[in-house]
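What follows is a set of notes on a single structure, which appears directly below.
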Amino acid sequence: MAKRGGFPGGGMPGNMNNLMKQAQRMQRQMEEKTKEMEEKEWEATAGGGAVTVKISGKKEVLSVKLDPEVVDPDDIEMLEDLIVAATNEALRKVEEESSEMMSALTGGLGGGLGGLF
């Protein structure tokens, strides 16, 4: 009597092994890429270079550099806005590269995994 719903030749266990190997390989690649991302640094400027912010792949601010001309005691609010703008731009760069890396790694299947970085 023929099997119903089965896979001829017992192909399912072999397919599962291949899937597990692929998943493990992808996990190792993701771990390597995550480490690479954490070791990188991004820099962004605002106000035509008046404020420069450098952040790490761990999304930590490493440095803030100010052009002395932008330091106006009568306009602290503008300086604060420039620091926020440069920091947000640097963070956007990290997110963009992280998303591109994940998309390349997962062949477009990792849309929900971008939050790992």
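Remarks
- Whichever residue in the range 55-64 is in contact (Cβ under 8 Å) with a residue 24 or more places away in the chain and surrounded by fewer than 17 Cβ atoms within 10 Å (Cβ to Cβ) and, among such residues, is nearest to residue 78 (Cα to Cα): 61
- Check on residue 55, at pLDDT 90 or above, touching a Leu at 6+ places or on another chain (Cβ under 7 Å) and of a type in the set (Val, Ile, Thr): yes
- Set 89, 38, 43: member being in contact with a helix residue (DSSP H, G or I) (Cβ under 7 Å, 6 or more places away or on another chain), at pLDDT 85 or above, acidic (Asp, Glu) and surrounded by 13 or more Cβ atoms within 10 Å (Cβ to Cβ): 43
- Filter result for residue 97 (more than 18 Å from residue 43 (Cβ to Cβ) and surrounded by fewer than 16 Cβ atoms within 10 Å (Cβ to Cβ)): no
- Positions within the range 50-87 being among the charged types (D, E, K, R) and under 10 Å from the mean Cα position of the chain (by Cα), in sequence order: 58, 59
- Count of residues meeting criterion [small (Gly, Ala, Ser) and free of Cβ contacts under 8 Å to residues at least 12 places away in the same chain] in the range 27-51: 1
- With respect to being more than 30 Å from residue 23 (Cα to Cα), part of a helix (DSSP H, G or I), among the small types (Gly, Ala, Ser) and more than 15 Å from the chain's Cα centre (by Cα), residue 90 falls outside the description.
The values are calculated or read from the model by the stated rules, or taken from the named source; none is laboratory data. Please read all numbers here as calculations on a predicted model, not as lab measurements. Positions of Cβ are generated from backbone atoms using ideal geometry, with glycine treated the same way; all protein chains shown enter the neighbour counts.
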